[in-house]
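To keep things clear, I will list the structure first and then write my remarks on it.
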Amino acid sequence: AKEMGNNNFQFYTREMNASVEEKLVLLEGLRGALDDGQFHLLYQPKVDLRSGLIFGVEALIRWEHPEHGVVSPMRFIGLAEESGLIVAIGDWVLHTACRQNKAWQDAGLAPVTMSVNVSPRQFEEKRLIDRVAAALRESALPAAALELEVTESLIMRDLAQSVGKMRELKAMGISLSIDDFGTGYSSLSALKSFPISTLKIDKSFVRELADNSDDQAIAMAVISLGHMLNLRVIAEGVETEQQCTFLRDNDCDEMQGYLFSRPVPAEQIALLLEEQARM
Ligand code: C2E
Ligand code: CA
Ligand code: CA
Ligand code: CA
């Protein structure tokens, strides 16, 4: 037993070392990744549940690490936050996404809204408004074609300041949506004060939507809450026809998920929009 305990201890420390080491390796790599052009964006269509048409896309970052291959944002966005690198990376995402949307518009494709994820540190940074304005100016993209996705927990960190910033962004013509809705803690009165246009039902509530009555109740509650506040409601992580049917039958406005399309490169979005224009 003693021997086993010892082994367990060694196993434990080795595991710990591995994850700290992994963090350090990733962090080291992250520092040069932007200059080395190791990031790219994929775009996932957002679809209107009634018409079935693409009305927008969400930009999702990918990191092609020279040794580790593609690293998921789940593994590096947190590190980028902690280290402050997220501000420069987020800026790159904003500029790239705005330029891409302008390029689609210039190619004569039906206009879509470009949604960009904003993380807490990026949102709290004092030059956020200037940075967003610069991305719009530099790309010549109309502000109405840009949406920022912020999370409930981000807003609640400093409610008054967040609402102030959101109002400024809205005044510029940008729309805002609440990502991962239902996983945070905003009170109904706080929600009422958010200058937002869309609530996004988190995919954790969508996963078992076909047969979990609790998730069904949550989805229905978010949809009616959103509609009472004059907001549009989108569901993310829609993978099956059953989930899609449930959402449509319960008056959800929009959806996003593998059922319609995975996140894809810009050229594939152009093809999807061309195909849609021919229908
Ligand atoms: P998120 O904003 O909640 O994005 C949705 C995630 O769900 C994406 O993962 C997307 O690829 C994935 N997804 C889409 N449809 C489905 C589906 O049908 N089923 C399942 N299981 N998953 C689906 P991804 O691309 O790995 O991004 C993970 C998270 O990383 C994002 O969650 C977001 O919080 C963050 N992220 C991604 N790109 C950026 C970025 O440019 N800036 C910032 N700040 N965060 C980003
Ligand atoms: Ca998002
Ligand atoms: Ca989400
Ligand atoms: Ca998320």
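The values are calculated or read from the model by the stated rules, or taken from the named source; none is laboratory data. Computed from a predicted structure; not experimentally measured. Glycine gets a Cβ as well: all are built from the backbone with ideal geometry, and neighbour counts include every protein chain shown. Ligands, DNA and RNA are stripped out before the accessible areas are found, and what is left, the full protein with its side chains, is counted by its heavy atoms. Shrake-Rupley method; radii C 1.70, N 1.55, O 1.52, S 1.80 Å.
Per-structure values
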| quantity | calculated |
| --- | --- |
| First in the stretch 148-167 and under 28 Å from residue 101 (Cβ atoms), second anywhere and assigned to a strand (DSSP E or B) and β-branched (Val, Ile, Thr), Cβ under 6 Å, 6 or more apart | 148/116; 152/178 |
| Qualifying residue in the stretch 77-96 (condition: within 16 Å of ligand 2 (Cβ to nearest atom) and closer than 27 Å to residue 244 by Cα) | no |
| Residue that is most open to solvent (accessible area, probe 1.4 Å) [pool: residues in the stretch 177-207 that are more than 16 Å from ligand 4 (Cβ to nearest atom) and under 27 Å from residue 239 (Cβ atoms)] | 197 |
| Failed item, numbered, when residue 241 is tested on (1) open to solvent by less than 20 Å² (accessible area, probe 1.4 Å); (2) more than 20 Å from residue 60 (Cβ to Cβ); (3) within 15 Å of ligand 1 (Cβ to nearest atom) | (1) |
| Subset of the stretch 123-135 (residues that are open to solvent by 20 Å² or more (accessible area, probe 1.4 Å) and more than 18 Å from residue 194 (Cα to Cα)) | 125, 126, 127, 130, 131, 133, 134 |
| Lone unmet requirement of (1) within 16 Å of ligand 1 (Cβ to nearest atom); (2) among the acidic types (Asp, Glu); (3) without any contact (Cβ under 8 Å) to a residue 12 or more places away in the chain for residue 124 | (3) |
| Check on residue 144, surrounded by fewer than 15 Cβ atoms within 10 Å (Cβ to Cβ), more than 22 Å from residue 60 (Cβ to Cβ) and free of Cβ contacts under 8 Å to residues at least 60 places away in the same chain | no |
| Residue ID - farthest from the chain's Cα centre (by Cα), chosen from residues in the stretch 170-196 that are touching a residue at least 40 places away in the same chain (Cβ under 8 Å) and more than 15 Å from ligand 3 (Cβ to nearest atom) | 172 |
| Among residues of the stretch 110-154, those that are within 18 Å of residue 85 (Cα to Cα), within 16 Å of ligand 4 (Cβ to nearest atom) and not in a strand (DSSP E or B), counted | 7 |
| Listing of helices (runs of 4 or more DSSP H) fully contained in the stretch 177-279 that carry 2 or more residues being among the hydroxyl-bearing types (Ser, Thr, Tyr) | 188-193, 213-228 |
| Whichever residue in the stretch 175-228 is β-branched (Val, Ile, Thr) and within 16 Å of ligand 1 (Cβ to nearest atom) and, among such residues, is farthest from residue 154 (Cα to Cα) | 206 |
| Breaking point among (1) more than 16 Å from ligand 3 (Cβ to nearest atom); (2) open to solvent by 30 Å² or more (accessible area, probe 1.4 Å); (3) closer than 23 Å to residue 237 by Cα; (4) in contact (Cβ under 8 Å) with a residue 60 or more places away in the chain, for residue 60 | (1) |
| Positions within the stretch 155-176 being closer than 26 Å to residue 137 by Cβ, open to solvent by 20 Å² or more (accessible area, probe 1.4 Å) and either touching a Phe, Trp or Tyr at 6+ places or on another chain (Cβ under 9 Å) or not in a strand (DSSP E or B) (or both), in sequence order | 161, 164, 165, 167, 168, 170, 171, 172, 173 |
